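Undergrad: This is the structure I have questions about; it appears just below.
The values are calculated or read from the model by the stated rules, or taken from the named source; none is laboratory data. Remember, predicted model here, so these are calculated numbers, not experimental data. Cβ coordinates were reconstructed from backbone atoms using ideal geometry, including for glycine residues, and neighbour counts include every protein chain displayed. These accessible areas exclude ligands, DNA and RNA; they are computed on the full protein's heavy atoms, side chains included. Shrake-Rupley method; radii C 1.70, N 1.55, O 1.52, S 1.80 Å.
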Amino acid sequence: MTAEVGTELPELVVRVTRADLVRYAGASGDFNPIHWNERVAREVGLPGVIAHGMLTMALAARAVTDWTGDPAALLDYQVRFGRPVVVPDDDRGAELTVRGTVAALLDDGRVRVDLTVTSEGEKVLSLARAVVRPG
C-alpha cells in the first residue's frame, strides 16, 4: 500500500436497501421509525425513510479499512452528517459512493485520509476523515 499525499483509495460503491436498514436496526437496537416508516419520516420533514447515520459512517469507514487491509489500523475517525441517505422502497435501494485521498503524512507513520461520501450525487458526510497506521 502506497501512502503518499495524493494517493487515492479505491472507490467503494455500496447499495443500502430497506432490508439492510432492518438488519442494522436489529444489530444496533436503533428502531427509530424514520429508518423504516415512510409516513413517520415524512411527518418529521424528511424526504423519506433514511439510513441510520452510524450505518452510513460505518460503510464509509470500510473504504479505509479495505485499503489498509487491517481494521485495527484505523486509529481515529470522524465525520459530520451533512444530508441523510434516503433509501427508496425498492430492490435497488440507495447507492453510497466513497472516495478517499491521502491528505497528510503525520508523525509516527500515521496517515490522514480525507473521504468524500455521496449518495445520488449529493455529499452526505462532510469533514469525513480518518487517521490510520498503514501496514
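Undergrad: Hey, any hits in the stretch 14-29 for a residue that's farther than 30 Å from Leu106 by Cβ, outside any helix (DSSP H, G or I) and free of Cβ contacts under 8 Å to residues at least 40 places away in the same chain? Before you say what the answer is, go through the steps one by one.
TA: Within the stretch 14-29, the subset farther than 30 Å from Leu106 by Cβ is 15-29.
Narrowing the set further to residues that are outside any helix (DSSP H, G or I) leaves 15-17, 29.
Restricting the remaining residues to those that are free of Cβ contacts under 8 Å to residues at least 40 places away in the same chain gives 29.
Yes, the conditions are met somewhere in the stretch 14-29.
Undergrad: Taking the options Arg92, Arg112, Arg42, name whichever one is surrounded by 15 or more Cβ atoms within 10 Å (Cβ to Cβ) and among the charged types (D, E, K, R).
TA: Among Arg92, Arg112, Arg42, only Arg112 is surrounded by 15 or more Cβ atoms within 10 Å (Cβ to Cβ) and among the charged types (D, E, K, R).
Undergrad: When the residues of the stretch 1-34 are filtered to those that are modelled with pLDDT of 95 or more and in contact with a Phe, Trp or Tyr (Cβ under 8 Å, 6 or more places away or on another chain), which remaining residue is nearest to Pro88 (Cα to Cα)?
TA: Ranking the qualifying residues of the stretch 1-34, first place goes to Arg18.
Undergrad: Specify the residue that is most open to solvent (accessible area, probe 1.4 Å); the eligible residues are those in the stretch 61-89 that are over 15 Å from the mean Cα position of the chain (by Cα) and touching a residue at least 24 places away in the same chain (Cβ under 8 Å).
TA: Filtering the stretch 61-89 for residues that are over 15 Å from the mean Cα position of the chain (by Cα) and touching a residue at least 24 places away in the same chain (Cβ under 8 Å), the one most open to solvent (accessible area, probe 1.4 Å) comes out as Asp89.
Undergrad: Same structure, new question: Can you tell me how many residues within the stretch 20-70 are among the hydroxyl-bearing types (Ser, Thr, Tyr) and touching a Pro at 6+ places or on another chain (Cβ under 8 Å)?
TA: 2
Undergrad: A further question on this structure: Collect the residues in the stretch 115-130 that are part of a strand (DSSP E or B) and open to solvent by 50 Å² or more (accessible area, probe 1.4 Å), keeping them in residue-number order.
TA: Hits for the stretch 115-130 are Thr116, Glu122, Lys123, Leu127, Arg129.
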